[in-house]
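The structure appears right after this line, and notes come after that.
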Amino acid sequence: MTEFDPATVPIRAAATVLLIADRPELKILMMRRHANTLFAGGMWVFPGGAVDPEDVEIAVTGPVELDYPGPITVTAAEHHRSYYVAAIRECFEEAGILLTHADPDRPTPPVLLLERQAELRAQLNAGAIGFKQLLTDHHLIPAAGLIKPVARWITPLGSPKRFDARFFLAKHPLNQDSSHDEGELVDSEWLSPSEILRRFEAGDMAIMTPTLRMIQNLQAFESTAAVMSAIHQTVDYHQVLVDPETKALLLPGDEGYGDAVDHIETGWVRLRQVER
């Protein structure tokens with residue numbers, strides 16, 4: 001194993017998408033990374049990845065959130081927008097789900113059939129075409145309004161790769177089919193939060209702690225409508241603290257939050273059930 005200096009590992013901007021659907025109960029798309037990948041090898045994750053330089057150049061339709069908790073090194077709106085673009089691009093690359101609208105400033109394109117969409121995804125993953133070119137050719141624009149920001153997590157010091165990741169949530173489009181890319185991702189399943197947690201506890205699924213915390217929060221909901229309603233009602237992010245003994249990630253209201261610490265994990269979450 002190659003040694004590295006943790007203090008010199010750069011923090012890269014990244015984005016990920018929690019895709020949810022009623023099947024008929026609430027389920028989440030989980031994807032397993034190839035065991036040989038450097039970051040999160042063999043783990044079950046949400047589709048996502050690093051922000052590419054080209055993502056900054058791509059426009060979107062719909063609202064872009066500019067107010068995030070924690071340190072923000074860039075304030076220009078286009079940099080915040082790039083997280084949305086990256087989330088939508090990675091969702092297409094890794095899960096085959098294209099969250100776009102017809103570009104309102106261009107002629108309406110012909111319907112992009114699923115077979116053609118799969119071909120474009122393969123070309124994109126092979127590097128034969130860029131996402132910006134794909135969008136331009138087909139008169140499409142990333143639909144920021146289809147994904148809702150729900151968390152921000154910064155990889156702790158010590159990992160060989162570190163990310164400042166924005167987590168988004170989206171409903172699975174009824175007219176599209178999800179699938180893993182069979183490259184970086186070798187398996188995928190639609191699972192209920194309870195089933196994911198059961199398999200994690202049994203040792204059958206390896207899951208990073210931020211991903212696990214998001215799944216735990218989704219366990220409180222019965223449907224996509226309930227999740228989306230809670231997101232619309234919840235404005236404030238809550239800082240994640242860590243129980244120094246159990247290493248559990250805690251949010252306000254959780255037992256032990258008052259005695260937890262803030263130097264192990266760095267995260268802020270607003271995806272949680274709204275108290276009535």
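The values are calculated or read from the model by the stated rules, or taken from the named source; none is laboratory data. Computed from a predicted structure; not experimentally measured. Glycine also receives a Cβ, built like all others from the backbone with ideal geometry; neighbour counts cover every protein chain displayed.
Details
- When Pro63, Pro110 are checked against the criterion of being on the phi < 0 side of the Ramachandran plot, at pLDDT 90 or above, exposed (fewer than 14 other Cβ atoms within 10 Å of the Cβ) and not hydrophobic (A, V, I, L, M, F, W, C), Pro63 stands alone in meeting it.
- Applying a threshold of 8 Å to beta carbon distances and a minimum spacing of six or more residues, or different chains, the list of pairs starting in region 36-65 at a residue that is without any contact (Cβ under 8 Å) to a residue 12 or more places away in the chain and ending at one that is surrounded by fewer than 17 Cβ atoms within 10 Å (Cβ to Cβ) reads Gly41/His34; Gly41/Ala35.
- Restricting Pro173, Pro156, Pro109 to those that are in a loop (DSSP other than H, G, I, E, B) and farther than 30 Å from Arg272 by Cα reduces the list to Pro109.
- Which listed residue, of His101, His80, is surrounded by 14 or more Cβ atoms within 10 Å (Cβ to Cβ), out of contact with any helix residue (DSSP H, G or I) (no Cβ under 6 Å at 6 or more places or on another chain), outside any loop (DSSP other than H, G, I, E, B) and without any contact (Cβ under 8 Å) to a residue 40 or more places away in the chain: His80
- Of all the listed residues (Ser188, Ser178), the sole one being crowded, with 16+ Cβ neighbours inside 10 Å, among the small types (Gly, Ala, Ser) and part of a loop (DSSP other than H, G, I, E, B) is Ser178.
- Near pairs, Cβ below 7 angstrom, 6+ apart or cross-chain, from region 199-226 (in contact (Cβ under 8 Å) with a residue 40 or more places away in the chain and within 23 Å of Ile264 (Cβ to Cβ)) to any residue that is basic (Lys, Arg) and crowded, with 18+ Cβ neighbours inside 10 Å: Asn217/Arg272
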